[in-house]
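The values are calculated or read from the model by the stated rules, or taken from the named source; none is laboratory data. Keep in mind the model is a prediction, meaning the values are calculated, not measured. Note that we place each Cβ from the backbone using ideal geometry, even for glycine, and neighbour counts take in every protein chain shown. Quick note on the areas: whole protein, heavy atoms, side chains included, nothing else; ligands and nucleic acids left out. Shrake-Rupley method; radii C 1.70, N 1.55, O 1.52, S 1.80 Å.
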Amino acid sequence: MNVLFLALSFSTPFHKSFYEDLLRVFQKNGNHIYVACAKEKRNSEEIGISDSRGITVLRISTGNITGNIGIFEKGISTLTIDLKFKKAIKKYYGDIKFDLILYPTPPITLVNTIKFVKKKTKAKTYLLLKDIFPQNAVDLGMMGTKGVKGLIYRHFRNKEKKLYRISDFIGCMSPANVNYVLSHNREISLDKIEVCPNCLAIPSKIPEFKKINSKIKHRYGIPEGALLFLYGGNLGRPQGIDFLMRCLEKEKDNKKVFFLIIGQGSEYNKLKTFIKTQNLFNAKLLAYMPKEEYQDIADQSDVGMIFLDHRFTIPNYPSRLLNYLTSGIPVLLATDSNTDIGIIAKNNGFGFCCNSNDIEGFAIIVDNFIHADREAMGRKGWTFLKENYSVENGYRIIMNHFKS
């Protein structure tokens, strides 16, 4: 099959796309992969066609969409991306007969591009639903449903519904995601929606469970004997950083634990100022770390942490979970009450969870981890990862619709 993958970004020499491993499985099974992705203004990649180990990549010049940019710039770039993608695909991929179009969210604004390619080539379409927008923006107060903000909301809500409508199949991250989409979009039939979770290429064996070595401890000022809780990822409004700060304050006198936070985002400076002004001896914030060094830290950490703002009504399922499970460590999840990521972790024995407005609940979980068999929990997580989140599993779910 000829497979077209549409996304905001794809792998560069400096960064590997989250979706590359899945596309490599398609490639391994004899499919021809064509990527169309954005080349944002601030990025240095060349626009046009290139080859990435047998995958054809088309980079399309767009405005800045991701990262810490102004809302006006982000809005204009998001609204114009569809037209730019459609024009570039006509020019560079116009003679190719596609059989399958794959596309994750965000964004939801490539509707006309998908519709154009689908009509022209009769391709089947599969939406990898990773982000439920615009409701997530409403939940965080970034968008409203009334007044001027309501006009913007309805515009994007119509785009969202059109995207669902032109998608032959919709793969959601978890059962709660499926239930949410169905309950808020009654027109979607049961036979077009399923669980197709985040997935990655899993190493051949679980990392050895071990204490963090003295060299690493010394480098980052981690006290001997302290349990290392690691957070790695975005530090933005969706993560509920205010709650994280309150949790750090609650645990500031706990000499048995150390919190290492690695990431960037709109709330980074707020968190940095808080840790400094509160003089927290058992917490450290780092903005950047080479991937290999981060992986070494993750493999030797005791617990991975995930935070989601308690206001979310949509069931988010952060991909960060998979990275922690790959390292063979259990997970602490402080989330809203609508996602099922914490319940799945708890029911399968690889994590503890609480609501992300429950400070006492967080403190109880920290204490639970101090006394838990973390090695056994990590191994349960590794088993669950292999059985549910491998790229081979993702490939099978998608290709189940194309057996003929």
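Checking the stated criteria, ALA376 turns out not to satisfy the condition of being touching a helix residue (DSSP H, G or I) at 6+ places or on another chain (Cβ under 9 Å), surrounded by fewer than 16 Cβ atoms within 10 Å (Cβ to Cβ) and either over 20 Å from VAL178 (Cβ atoms) or touching a residue at least 60 places away in the same chain (Cβ under 8 Å) (or both). Helices (runs of 4 or more DSSP H) fully within region 122-220 that include at least 3 residues being touching a Gly at 6+ places or on another chain (Cβ under 6 Å) and under 28 Å from PHE98 (Cβ atoms): none found.
If the condition is being crowded, with 20+ Cβ neighbours inside 10 Å and more than 19 Å from the chain's Cα centre (by Cα), then region 17-27 contributes VAL25, PHE26.
When we screen THR383, THR339 for residues that are part of a loop (DSSP other than H, G, I, E, B) and either under 24 Å from ASP131 (Cα atoms) or free of Cβ contacts under 8 Å to residues at least 12 places away in the same chain (or both), the only hit is THR339. With respect to the conditions (1) in contact with a Lys or Arg (Cβ under 7 Å, 6 or more places away or on another chain); (2) open to solvent by 20 Å² or more (accessible area, probe 1.4 Å), VAL111 falls short on a single one, namely (2).
Please verify whether PHE281 is open to solvent by less than 60 Å² (accessible area, probe 1.4 Å) and either at pLDDT 90 or above or not hydrophobic (A, V, I, L, M, F, W, C) (or both), treating the condition exactly as stated. Answer is no for this residue.
Per the listing ASN368, ASN323, ASN393, the residue uniquely of a type outside the set (A, V, I, L, M) and open to solvent by 60 Å² or more (accessible area, probe 1.4 Å) is ASN368. Number of residues in region 282-312 that are in a loop (DSSP other than H, G, I, E, B) and under 17 Å from the mean Cα position of the chain (by Cα): the value is 3. Examine region 38-47 for a residue that is in contact with a Leu (Cβ under 7 Å, 6 or more places away or on another chain) and of a type in the set (Asp, Glu), and state whether such a residue exists. No: zero hits.
Across region 1-16, which residue is surrounded by the most Cβ atoms within 10 Å (Cβ to Cβ) among those that are part of a strand (DSSP E or B) and out of contact with any Leu (no Cβ under 9 Å at 6 or more places or on another chain)?
THR12
Within region 347-359, track down each residue that is touching a residue at least 60 places away in the same chain (Cβ under 8 Å) and in a helix (DSSP H, G or I).
Once the filter is applied, which keeps residues that are touching a residue at least 60 places away in the same chain (Cβ under 8 Å) and in a helix (DSSP H, G or I), region 347-359 yields only ILE359.
Of all residues in region 83-107, those being open to solvent by less than 10 Å² (accessible area, probe 1.4 Å) and of a type outside the set (Phe, Trp, Tyr) number 6.
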